[in-house]
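Take a look at the structure below.
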Amino acid sequence: MEVSIIPSKDDRKIVLLSGGTGTPKLILGLREFMLDESLTIIGNTGDDDEFYGLLVSPDIDTLIYLFAGTLDLEKFWGLENESFTAMKQLTTMKEEIWFQLGDKDLGLHLLRNELITKGWTLTESISEICCRLDIKAKIIPMSNDPVRTMLYDSLNTKHSFQNYTVKLKERPIIVKVEYEGAEKATITSEIKKTLVNSSTIIIGPSNPITSIGPMLAIKELKTALIKTQATIIAVAPFRGESAFSGPAAKLMKALQYQPNAYGIAKLYKDFLDIIIISENDKKLIPEIAKLGIKAICANISLKTQQERKDLAETILNVINSKKAV
């Protein structure tokens, strides 16, 4: 079944929840069939941190660079052809550097910091930056309120996400995850309207604990997902019990979830309609069905652009078949 390009629409009925590298790879596939104007992406800010007085928002920044056409598609973070002269200078001044900020990347952080200092909200600042970069897709941070993913190791030491993944290279054994600030965080009226008016919401193959988890920890956002009439489709970030990237498997185990497609379905069961799982995980379909969720097998690898395109086509065909019913 051939998929036609979805035209631009003011109501932006295709929405994605996005974290780090997995969902941006899927977006590259979707862009083969959809105009950027038809995409709204709600981005995770639980990974955000401050370095040298500047707010760094890795998942949001990846989306900005992706749609601006400047993302390093080898690493799927940072800018292509980046340099690190500023970091080298800090090293010269005997500063310990464990989180690299590229020279061009610093430009984004400086501008965002300037806008926020002037009183702009995070949502407003991201919108302004997207406008200046002529980005047609809508990129919205999950909240204007700070929510930070904190991971506790077996010694009850608390780590920020960046400290755990970048500085400590995921070595500590994590036994608990908290989303600091989530209990007080709210979502904007724009996000509420977006989720209510959507016909389809796609939860990308991002880390369910550190990328999607912070969003679900915001009561208003999870409630909106439960109440929306949209079809909600998730893409599993697992083949068997192996995550495609990052510490998803070990964190799922730490929180007593099975590190596989069934564990993802169970984590999202309050609102999920359909989950796309690996062809190797066909045996999980009956158990997932008991949760009231339909599982569809496909090649969910996103390593190559052809695989990204094929998966996007599978998802869009699922959407079209739902509309035809």
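The values are calculated or read from the model by the stated rules, or taken from the named source; none is laboratory data. What you are looking at is a predicted structure, and each value in this text was computed from that prediction instead of being measured. Note: ideal-geometry Cβ built from the backbone for every residue, glycine included; neighbour counts use all protein chains shown.
Filter segment 292-306 down to residues that are surrounded by fewer than 20 Cβ atoms within 10 Å (Cβ to Cβ) and touching a residue at least 24 places away in the same chain (Cβ under 8 Å) and give me whichever is nearest to Leu30 (Cα to Cα).
Applying the filter and picking the extreme gives Gln305.
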- Looking only at segment 25-72, count how many residues are basic (Lys, Arg) and under 13 Å from Lys136 (Cβ atoms). 1
- strands (runs of 3 or more DSSP E) wholly inside segment 1-99 containing at least 2 residues that are of a type outside the set (D, E, K, R), buried (at least 21 other Cβ atoms within 10 Å of the Cβ) and modelled with pLDDT of 95 or more: 14-18, 39-43
- Query: Is there a residue in segment 221-229 that is out of contact with any helix residue (DSSP H, G or I) (no Cβ under 7 Å at 6 or more places or on another chain), farther than 18 Å from Leu151 by Cβ and part of a loop (DSSP other than H, G, I, E, B)?
  - Reply: yes
- Being in a helix (DSSP H, G or I) and surrounded by 15 or more Cβ atoms within 10 Å (Cβ to Cβ) is the filter here, so list the residues in segment 100-110 that pass it. Lys104, Asp105, Leu106, Leu108, His109
- The correct count of residues that are over 23 Å from Gly29 (Cβ atoms), assigned to a loop (DSSP other than H, G, I, E, B) and more than 15 Å from the chain's Cα centre (by Cα) in segment 186-217 is 3
- Item | Complete set of residues in segment 261-271 that are surrounded by fewer than 16 Cβ atoms within 10 Å (Cβ to Cβ) and either touching a residue at least 40 places away in the same chain (Cβ under 8 Å) or in contact with a strand residue (DSSP E or B) (Cβ under 9 Å, 6 or more places away or on another chain) (or both) | Asp270
- Quick one: is Ile300 closer than 16 Å to Thr23 by Cβ and outside any loop (DSSP other than H, G, I, E, B)? no
- Message: Considering only residues that are more than 20 Å from the chain's Cα centre (by Cα) and aliphatic (A, V, I, L, M), which ones fall in segment 126-170?
- Response: Leu133, Leu155, Leu168
- Is it the case that segment 274-285 has a residue that's among the hydrophobic types (A, V, I, L, M, F, W, C), out of contact with any Ser or Thr (no Cβ under 9 Å at 6 or more places or on another chain) and either at pLDDT below 95 or within 13 Å of Ile233 (Cα to Cα) (or both)? yes
- Item | Residues (modelled with pLDDT under 95, hydroxyl-bearing (Ser, Thr, Tyr) and over 20 Å from Thr21 (Cα atoms)) located in segment 150-173 | Ser154
- Are any residues in segment 159-170 on the phi < 0 side of the Ramachandran plot and loosely packed, with under 14 Cβ neighbours inside 10 Å, and if so, which ones? Lys167
- Item | Selection from segment 272-291 of residues that are outside any helix (DSSP H, G or I) and surrounded by 19 or more Cβ atoms within 10 Å (Cβ to Cβ) | Leu272, Ile274, Ile275, Ile276, Ile277, Ser278
- Considering residues that are touching an Asp or Glu at 6+ places or on another chain (Cβ under 9 Å) and farther than 13 Å from Thr210 by Cβ, the number found within segment 154-167 is 1
- Query: Of the residues in segment 218-230, how many are within 24 Å of Gly29 (Cβ to Cβ) and acidic (Asp, Glu)?
  - Reply: 0
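Which one of Pro247, Pro237 is in contact with an Asp or Glu (Cβ under 6 Å, 6 or more places away or on another chain) and over 26 Å from Asn144 (Cβ atoms)?
Pro247
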- Task: Kindly indicate whether Arg112 is under 19 Å from Leu54 (Cα atoms) and in contact with a Leu (Cβ under 7 Å, 6 or more places away or on another chain).
- Result: yes
- Given (1) part of a loop (DSSP other than H, G, I, E, B); (2) modelled with pLDDT under 95; (3) among the basic types (Lys, Arg); (4) under 24 Å from Ser198 (Cβ atoms), where does Lys269 come up short, assuming only one miss? (2)
